[in-house]
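Reading through the structure tokens given below for one structure.
The values are calculated or read from the model by the stated rules, or taken from the named source; none is laboratory data. Keep in mind that this is a model prediction, so the values were computed, not measured. Positions of Cβ are generated from backbone atoms using ideal geometry, with glycine treated the same way; all protein chains shown enter the neighbour counts.
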Amino acid sequence: MENIMSEAVSAAVGIAIFVGIILQAVKQLESVNNKYLPLMSIVLGVIIGIVFAIAFEFTVAVYALAGFLGGASASGIYDGLTVTKGGK
């Protein structure tokens with residue numbers, strides 16, 4: 001179990017970098033409302049995690065979790081909740 005979690009956290013760091021780069025590009029295009037960027041970040045993270053799992057023959061569930069964690073960390077969970085709820 002400890003091995004699975006360390007693998008997920010390690011993958012989440014790499015996925016967060018990819019998601020962060022993609023989100024910056026989307027922000028520059030101004031094609032998506034900023035309110036939806038946190039959700040987009042998490043969805044992108046999960047998709048990237050699943051693609052990594054399939055491409056490198058890893059466990060899909062672990063990498064989907066890693067994608068969720070990476071996407072959430074790339075957008076910032078706190079910022080995501082405040083923007084979605086209409087704060088700040």
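A search for C-beta distances below 6 Å between a residue of the stretch 5-24 that is more than 16 Å from Val51 (Cβ to Cβ) and any residue that is at pLDDT below 90 and crowded, with 19+ Cβ neighbours inside 10 Å, counting only pairs 6+ apart in sequence or on different chains, returns Gly20/Ala74. The single residue among Gly71, Gly20, Gly80 that is in a helix (DSSP H, G or I), modelled with pLDDT of 90 or more, among the small types (Gly, Ala, Ser) and at negative phi turns out to be Gly71. Within the stretch 1-16, being in a helix (DSSP H, G or I) and aliphatic (A, V, I, L, M) holds for Ile4, Met5, Ala8, Val9, Ala11, Ala12, Val13, Ile15, Ala16.
Note on the stretch 25-54: among residues that are of a type in the set (S, T, N, Q) and part of a helix (DSSP H, G or I), the one that is surrounded by the most Cβ atoms within 10 Å (Cβ to Cβ) is Ser41.
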